Amino acid sequence: MKYNKIALVAARQKQAQDALKKLQDKYGDTSPAKADVVVALGGDGFMLRTLHKFLERKIPIFGMNRGSVGFLMNEYRISNLEKRLEQAQSIELHPLRMKAKDLSGKTHEALAINEVSLLRQTPLAAKLRIKIDGKVQMEELICDGALVSTPAGSTAYNLSAHGPIVPIGAELLALTPISAFRPRQWRGALLPSDANIEFEILDAKERQVSVAADGTEVRDVKKVSICEDSSLKPTLLFDPEHNLEDRIVREQFLL
């Protein structure tokens with residue numbers, strides 16, 4: 001697909017800002033409100049913020065790595081940007097919608113492209129009851145926390161917590177415990193992407209728990225529900241040789 005109006009955005013770090021200036025000098029810079037593609041310069045954290053920022057705009061985003069990890073980014077090159085965009089392959093992501101009720105009774109909502117994670121706030125372990133589609137599947141998980149990951153996020157925090165890598169398009173979500181104490185050997189579950197996942201925080205006043213949906217945190221929660229929001233479809237663009245699907249498969253063979 002040919003893109004005629006390119007918007008450039010960059011993280012605050014010097015190498016991202018230097019790249020922004022070089023690309024602006026070579027290709028110009030269209031306002032994101034008028035552009036038909038956004039080129040994001042930074043790392044994975046900046047890419048997540050960019051995806052959230054333009055979620056309602058429904059505009060494809062092509063990242064170039066000017067950060068550290070860059071799993072969601074393409075290689076940084078100044079030349080042939082228009083051709084790269086024209087030849088890029090697109091991948092639609094499906095974010096998670098998190099609803100959390102805190103101890104005061106207030107309800108909070110947020111979206112997560114990578115994962116929703118619950119973490120203990122105190123030295124005491126968290127105690128979580130887990131329901132799937134309204135049915136209790138685990139009466140009590142004693143742990144540091146738990147997370148629910150999308151396929152795109154399965155190689156991030158989820159992988160660090162020893163969760164499974166989920167291929168893009170698998171229509172699965174990964175539910176992964178964080179430092180589980182009881183049941184000690186439980187490693188989590190793979191769930192259908194249309195599952196409704198609910199956590200009840202047991203003894204929530206004494207064993208306080210926070211929840212984070214990407215960069216949005218809510219503290220002192222007592223109940224959290226998570227489901228995929230299939231109505232939202234942020235789109236990432238990748239060079240054919242650096243396709244996200246291939247990267248996720250490769251991650252499963254790295255030592």
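Only residues that are more than 22 Å from HIS94 (Cβ to Cβ) and surrounded by fewer than 19 Cβ atoms within 10 Å (Cβ to Cβ) were counted in segment 120-141, giving 12. One residue alone among ARG57, ARG66, ARG84 is out of contact with any strand residue (DSSP E or B) (no Cβ under 7 Å at 6 or more places or on another chain), of a type in the set (Lys, Arg), at pLDDT 95 or above and not assigned by TED's automatic domain parsing to the domain that holds ILE168, and that residue is ARG84. Would you call ALA213 within 30 Å of TYR76 (Cα to Cα), out of contact with any Cys (no Cβ under 7 Å at 6 or more places or on another chain) and in the same structural domain as HIS108 (by TED's automatic domain parsing)? So ALA213 passes the test. Yes or no: GLY105 assigned to a loop (DSSP other than H, G, I, E, B) and crowded, with 17+ Cβ neighbours inside 10 Å? No. Looking at segment 119-158, the strands (runs of 3 or more DSSP E) lying wholly inside it that each contain 2 or more residues that are within 30 Å of ASN243 (Cα to Cα) sit at 145-149.
Against the numbered list (1) modelled with pLDDT of 95 or more; (2) over 30 Å from GLU86 (Cβ atoms); (3) aliphatic (A, V, I, L, M), LEU254 comes up short only at (1). Scanning segment 1-43 for residues that are surrounded by 19 or more Cβ atoms within 10 Å (Cβ to Cβ) and part of a helix (DSSP H, G or I) turns up ALA16, ALA19, LEU20, LEU23. Run down TYR76, TYR27, TYR3 and say which single residue is touching a residue at least 24 places away in the same chain (Cβ under 8 Å), among the aromatic types (Phe, Trp, Tyr) and under 19 Å from ARG247 (Cβ atoms). Going through TYR76, TYR27, TYR3 in turn, the sole match is TYR76.
Which residues, taken from segment 7-20, are more than 24 Å from the chain's Cα centre (by Cα) and of a type in the set (A, V, I, L, M, F, W, C)? ALA19, LEU20 - these are the residues of segment 7-20 that are more than 24 Å from the chain's Cα centre (by Cα) and of a type in the set (A, V, I, L, M, F, W, C).
Among residues of segment 139-184 being within 12 Å of the chain's Cα centre (by Cα) and of a type in the set (Ser, Thr, Tyr), the one that is farthest from ALA100 (Cα to Cα) is THR155.
The values are calculated or read from the model by the stated rules, or taken from the named source; none is laboratory data. Given the structure is predicted, the values throughout are model-derived calculations rather than measurements. Glycine gets a Cβ as well: all are built from the backbone with ideal geometry, and neighbour counts include every protein chain shown.
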